[in-house]
Amino acid sequence: MTTANQGNAPIVVGVDSTEASLRAVRWAANTAAKHRAPLHLVHAAGFPDLYVGSTMPPPEAFKEELRKQKWEALHEAKRVAEQVADIQVEARFETDPPIPYLIRASRGARMIVLGSSGRTGVIGTLIGSTTMALVSHAHSPVVSVRDDYEEIPAADDRPVVVGIDGSELSERAQAYAFDEASFRGVELVAVHTWSDADSEFAFSQTRMYYDWEPLRDTEERRLAERLAGWQEKYPDVHVRRVLVRDRPRHELLEWSKKAQLVVVGSHGRGGFRGMLLGSTSQALIHSAQCPVMVARPEHERE
């Protein structure tokens, strides 16, 4: 499901009782208002069939108390979302484990939004393993909102930033980034990094054809070519091109300090074949100072 055929697909938020979850709900509610899309709040409890280390199932009273606590968290999330924006909000409680349920929900979602802890090594109900599993396997883009993210009022004029490396997933990331910049009415910063040690492109046929033009000129021309079609499709979006001799994770982490959203592919052209999550997207999820959207491969979505 690309930006062209999403229709009125919902934004789905994984909800638990943490502050990170409520920050994700507020961000998603603002985004749903901009897209005029419904917001679906989901708590997937994953009730155990048995006590840990026991052959006895938990009593119904125990499950009922858990349901009550989870519904309270959902109702609070719904109240927060409705305070943020006048949007259609649906709250849903599921007994399935969160990871498989949210992966299934991502098939029909505009995006999946999760709250993530900024404290290294601390994993909560929808923090850490759930976030990493979704950005590795979801059928839609996944947005990670850290609990130390400094929230900005709805009138946010900071840019959307997209990392571009020439891979197929980078092209998908551009589609989502242009779409978000257009809906938010802000500038798009297209960041492309290169290195003198990038032998794949330094010795490519394209480079040979252009008679060994300086590598920076080659990369600048390639960046312009990658953006040309999208700029025609989104004439309302002003694009700033940033070309830097650096590693992508460092440059994008720096841009996350002054952006409202960073968009990247789940892995780029530098990753190993079969790799589920690249080092750049991992670094951004763990350390970016703004929400991060991770684009997923099309063939895994079908």
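Stretching R240 away from R92 to a fully extended chain increases their span by 49.2 nm, per 0.36 nm per residue minus the current alpha-carbon distance.
By average Cβ neighbour count within 10 Å, what is the ranking of 82-94, 28-40 from highest down?
In descending order of packing, they fall as 28-40, 82-94.
For R158, no residue whose modelled amide H falls within less than 5 Å of its own remains once neighbours fewer than 5 places apart on the same chain are excluded. Annotation: the residues R146, R216, sorted from fewest to most other C-beta atoms within 10 Å of their own C-beta, follow the order R216, R146. Between amide H atoms placed 1.01 Å from N, distances below 5 Å from W194 occur with V244, R245, D246, all of them 5 or more places distant or on a separate chain.
Remark on H238: its backbone amide H falls under 5 Å from those of L188, a criterion applied only to residues 5 or more positions apart or on other chains, H modelled at 1.01 Å from N.
FYI, it's all coordinate maths here, none of it is from the lab. Values in this document were obtained by computation on a predicted structure and should not be read as measured data. FYI the Cβ positions are ideal-geometry reconstructions off the backbone, even for glycines, and counts take in every protein chain you see.
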